[in-house]
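Shown next, in structure tokens, is the structure this report addresses.
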Amino acid sequence: MKKKLELPLGFCFFYLCIPLVTASDSLLSPKGVNFEVAALMSVKKEMQDELLVMGGWDINSVDPCTWNMVGCSAEGYVISVAMASSGLSGMLSPSIGNLSHLRTLLLQNNQLSGPIPTEIGRLSLLETLDLSGNQFSGNIPSSLGFLTHLSYLRLNRNNLSGQIPSLVADLTDLSFLDLSFNNLSGPTPKILAKGYSVTGNSFLCNPLSADSTRICVDVSKPVNVQQDYELDISHLKRFSYRELQLATSSFSSKNILGQGGYGVVYKGCLPNRTLVAVKRLRDPNFTGEVQFQTEVEMIGLALHRNLLRLFGFCMTTNERLLVYPYMPNGSVADRLRDTCRDRPSLDWNRRLCIALGAARGLVYLHEQCNPKIIHRDVKAANILLDESFEAVVGDFGLAKLLDQRESHITTAVRGTVGHIAPEYLSTGQSSEKTDVFGFGILLLELITGQKALDAGNGQVQKGMILDWVRTLHEEKRLEVLVDRDLKGCFDATELETCAELALQCTQSSPNLRPKMSDVLKILEGLVGQSVQTEDPQGGTNPSEARTYSFSRDYSDVRQDSSFIIEAIELSGPR
């Protein structure tokens, strides 16, 4: 006799009845559609999701609480949507305003554009809103001033224009309001937030005295309203703010080369027709005058053919700017994304030489600078290419310089998701081995031509590229890794060496990773072999080429890559 199946109260099969959802009964339409599901699917529809981070979102679902990057209350309402640094582009749908219980919305460091939906003003319970580091344009919606529970509002590093709405300025419970580095103009209202930043908006009125008397700049001709500090560093050129304002067409959005956690970079042209890249640092008042002078002086002393040379600087009461030579071939990331050419701009041998040049630059920072410099964000976007396509390491020294100790505890993690060493992410402890991890990911970017978070196939999701490489290595199918743009033009032996080196560099324990000087030796031998292969008349016997041994036991280095990262600062190219 068959035992009768006992079902829990409220349970039933999906094809017999509608599943029981205790908290969302009030959210179901007469046809059984969950309004929050519909709102989130509208959000998904308006965005381009190249990394498939929303791949599990399903219109047929009754309960969105199991979806990636969606958080719910105990009652089952959506209370958080955290999609920071997820490679998203497109627009933010006005349907976001239908998530009536939403408390946290994190979309920072993506490439979202278009206007900020006024419907966000309907989210009466919203406490945290971070849309920074995108490409939102248009005015700041006055409706944000209706969000009386808001304590954290960041709209910085976008292309927003117009005036600061008085309703937003009047929000009294804001712990911090960041509107810096936009294109805002007009009079600045009295801002009641406990802390705020509006720097980097050239056409905002500037306070002249403690009684809040203000002067407005006529946006029909740029006027220099910054007071330059008379600061001299012997080996660097001191620019006036006016010089750089003119060189960049008043920091026009049309001249933006890139932006990230350290600031926005503009293309500039000096009076002598020299092209430069002007990095406008974010949060300039965070760096004091003495600290800025010290760090700039140290960065300027780091001279190496594979490091981006600091050309000059500018410091005013409200601005900190660094001036670098303009790199005509952009970054490695730019060139790896070139898909409209018959031949890739970076062939296999050129990629090996780029890895070699980047390694030389990092060895100089780690072992030949005093105090040593830890980069903390080694990635393809920060490896620039000069007119000869030689690798030039950029963005070094912008994180706080380390002293001569082996490691240092920092208060803020700087880096890019997918490139961050696990120990730095979890503890804030960084060392030279943090850069070694990033270099390992850079090697994989050069091999695959793909972003670190996406190995280019639908089955490989965020952060899983290392697991994918290990699997292919164990199965001896490394050729699957290689960028298809190379059309099979690569050396299988060199590929194996590079892949094994990348796996060595990305081991979970920093103590197991090689030093950059050891990495450099391997790459020098590898590039030397490549030259011998191309030029057999060189007189060297190929059989005398160095051989390399690696540990093939990677059981210790497997790691959970499905970590969730919110509100992390990302540094950008150049």
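Coordinate-derived values only; no laboratory data. Values in this document were obtained by computation on a predicted structure and should not be read as measured data. Virtual Cβ from ideal backbone geometry, glycine too; neighbours counted across all protein chains shown.
For LEU129, what charge total do you get from the other residues with a beta carbon under 12 Å from its beta carbon, if Lys and Arg give +1 and Asp and Glu give -1? In short, -1. Cβ crowding within 10 Å, taken as a proxy for footprinting-reagent exposure, orders HIS235, HIS149, HIS101 from fewest neighbours to most as HIS235, HIS149, HIS101.
In plain terms, the chain from LEU301 to LYS515 could stretch by 74.7 nm, reckoned as 0.36 nm per residue minus the Cα-Cα distance. When peptides 163-171, 351-359, 375-383 are sorted by average Cβ neighbour count within 10 Å, with the highest value leading, the order is 375-383, 351-359, 163-171.
Farthest towards the positive end of the charge dipole of region 25-215, among the residues TRP67, GLN48, THR188, is the Cα of THR188, using unit charges on the Cβ of Lys, Arg, Asp and Glu. A simple packing score, the average count of other Cβ atoms within 10 Å per residue, orders the peptides 58-64, 308-314, 152-158, 115-121 as 152-158, 308-314, 115-121, 58-64, with the highest score first. Just list whichever of LYS194/LYS237; LYS379/LYS476; LYS254/LYS515; LYS379/LYS521 have alpha carbons separated by over 32 Å in the model shown. Checking Cα-Cα distances, LYS194/LYS237; LYS254/LYS515 exceed 32 Å. In this structure the amide hydrogen of VAL264, modeled in the peptide plane, comes within under 5 Å of the amide hydrogens of ARG280, ARG282, none closer than 5 places in sequence on its chain. For the pair PHE176 and THR316 in one chain, pulling the backbone fully straight at 0.36 nm per residue adds 48.1 nm over the alpha carbon distance. With contacts taken as Cα pairs under 8 Å and at least 6 residues apart, region 237-325 reaches a relative contact order of 28 percent.
Hey, with R₀ at 35 Å, roughly what FRET efficiency would SER137 and HIS235 work out to, going by the Cβ-Cβ distance, to 0.05? The computed FRET efficiency comes out at 0.30. In region 25-215, the DSSP beta bridges split such that about 25 percent are antiparallel, to the nearest 5.
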